[in-house]
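This report refers to the structure that appears directly beneath it.
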Amino acid sequence: MVWFKRAIPSIRTTDKRDTPEGLWSKCDACGAALHKKQLEDHLYTCPDCGFHFRISPEIYFSFLFDDGKWEEFDGQLRAADPLAFVDTKNYPDRVRATIAKSGKSEACRNATGKLEGSTLVISAMDFGFIGGSMGSVVGEKIARAADKSVELNAPLIVISQSGGARMMEGAFSLMQMAKTSARLTRLGERRIPFISLMTDPTMGGISASFAMLGDLNISEPKALIGFAGPRVIRDTIKRDLPEGFQRAEFLQEHGFVDVIVHRKDLRSQLSRLLGHMR
C-alpha cells in the first residue's frame with residue numbers, strides 16, 4: 001500500500017546544477033554560457049562569477065589526489081530494505097533504478113591516495129544518488145573511512161553533499177548520525193587530523209552529525225548548510241530570515257565554518273592545513 005504521494009518531490013535527485021553532460025551549460029548564478037572544456041579547466045566553477053557546480057566524488061578524487069591516482073575501498077556495499085518501505089515504488093526498485101540510470105552504486109565513495117606525497121583518506125558524498133541521502137550504507141562507509149584512517153594513521157577528509165537522512169530507512173538512517181560521530185572520536189583520541197568539507201547542499205542529519213565535527217570545518221563558497229530548510233524555519237518562527245541565511249558565508253561569520261575555500265585553491269589549501277595539523 002502506498003503511504004503517501006508527493007505532488008512535488010521535496011528532495012530532487014537530479015538537478016540542472018549537476019555536472020553537465022552536454023557541450024554547453026548555463027551558469028545558474030550569472031547566466032553565462034559555458035563550454036564543457038571551459039568548465040573542466042576551471043574544476044566546474046564559473047570563470048565569470050565563481051559559481052560552484054555540484055561534482056561527483058570521482059572528480060574530487062581526480063584533482064585532490066596526486067596524479068589523479070587513488071584506490072577505492074568498500075565499493076561493494078549495497079542498501080538493504082529493513083522496513084519494506086514503499087512510497088511511489090518499492091525502495092529496492094528505486095535503488096536499482098537509480099543505479100541503472102546514474103551508474104552510481106551509492107551516495108558515498110571512499111578512497112585512499114596521496115596528497116603531496118602523504119597518505120590521505122577521503123570519503124565523498126554524491127547528491128546525484130537519491131539526493132546524497134544518508135542511509136545505512138552511507139553511514140557504514142563513513143565509519144569505515146574513519147577506521148581506514150586509523151589503520152593507516154592518515155588524515156581523513158569527508159566531503160558532504162547531501163539533503164539529509166534517507167527517509168526510506170527510517171530510524172536506521174537516523175542511527176547513522178550517532179555511529180559516524182562515535183567512530184570519528186577514535187581519530188581525536190589518536191590525534192589524527194579530520195577535516196570536514198561542506199559543499200552545496202549539506203543539510204539535515206549530515207550537518208547535525210559528522211559534517212560539523214571536523215578539527216577544521218571548511219566549505220565551498222555559497223554552499224547551503226543547515227538542518228531544516230529556510231522555508232520551514234521561516235514558517236515556524238513567523239519571521240523573515242537574514243540575508244544569506246544558511247549560506248557558507250553566513251555560517252563563517254557566526255563561527256560554524258572556519259574557512260571558505262574556492263575549488264581551484266582546495267588542493268593547495270588542504271595540503272597547507274594538513275601540514276600545520278601534522
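The values are calculated or read from the model by the stated rules, or taken from the named source; none is laboratory data. Bear in mind that the values here come from a model prediction, so they are computed numbers and not experimental data. FYI the Cβ positions are ideal-geometry reconstructions off the backbone, even for glycines, and counts take in every protein chain you see. The accessibility values were calculated without ligands, DNA or RNA, using every heavy atom of the protein model including side chains. Shrake-Rupley method; radii C 1.70, N 1.55, O 1.52, S 1.80 Å.
What is the distance, in nm, between label points placed 7 Å from the Cα along the Cα-to-Cβ direction at T236 and at K264? For the pair T236/K264, the computed spacing is 3.9 nm. Normalised by 2.2 N^0.38 Å, with N the number of residues, the alpha-carbon radius of gyration of segment 182-246 equals 1.34. Taking the alpha carbon gyration tensor of segment 118-182, multiplying each eigenvalue by 5 and rooting it gives semi-axes of 22, 13, 7 Å, largest first.
Cβ distances below 4.7 Å define possible disulfide partners, and in the chain the cysteines left without one are C108.
The percentage of C-alpha pairs in the chain whose separation is greater than 29 Å is 31%. Assuming charge only on the beta carbon of Lys and Arg (+1) and of Asp and Glu (-1), the dipole of the chain about its Cα centre is about 500 debye to the nearest 20.
Sorted largest first, the spans of the alpha carbon positions of segment 214-278 along the three principal axes are 46, 22, 16 Å. Taking springs between alpha-carbon atoms closer than 10 angstrom, which of P242, P201, P155 fluctuates most in the Gaussian network model of the chain? Between P242, P201, P155, it is P242 that shows the largest mean-square fluctuation.
Among the protein heavy atoms of the chain, carbon and sulfur supply 52% of the accessible surface, probe 1.4 Å, non-protein parts ignored.
Taking all protein chains together and a 1.4 Å probe, the residues R231, R78, R144 rank R231, R78, R144 from largest to smallest accessible area.
Note that segment 144-229 presents 36 Å² accessible area per residue, ligands and nucleic acids not counted, probe 1.4 Å. Put the Cα centre of segment 147-222 next to the Cα centre of segment 53-109 and the gap is 17 Å. Scaled against 2.2 N^0.38 Å for its residue count N, the alpha carbon radius of gyration of segment 117-241 is 1.08. Which residues does a label at S181 reach in segment 154-168, if reach means a backbone N under 19 Å from a point 7 Å past the Cα toward the Cβ? Counting backbone N atoms under 19 Å from the label point, the list is 158-167.
Among M125, M175, the order of accessible area from largest down is M175, M125, computed with a 1.4 Å probe on protein heavy atoms. Provide the percentage of antiparallel DSSP beta bridges, counting only those with both residues in the chain; round to the nearest 5. Approximately 50 percent, going by the DSSP bridge assignments. Note on the chain: helix-only mean residue ellipticity at 222 nm, from DSSP H runs of 4+ residues weighted -39500 (n - 2.57) and normalised by residue number, equals -10000 deg cm²/dmol.
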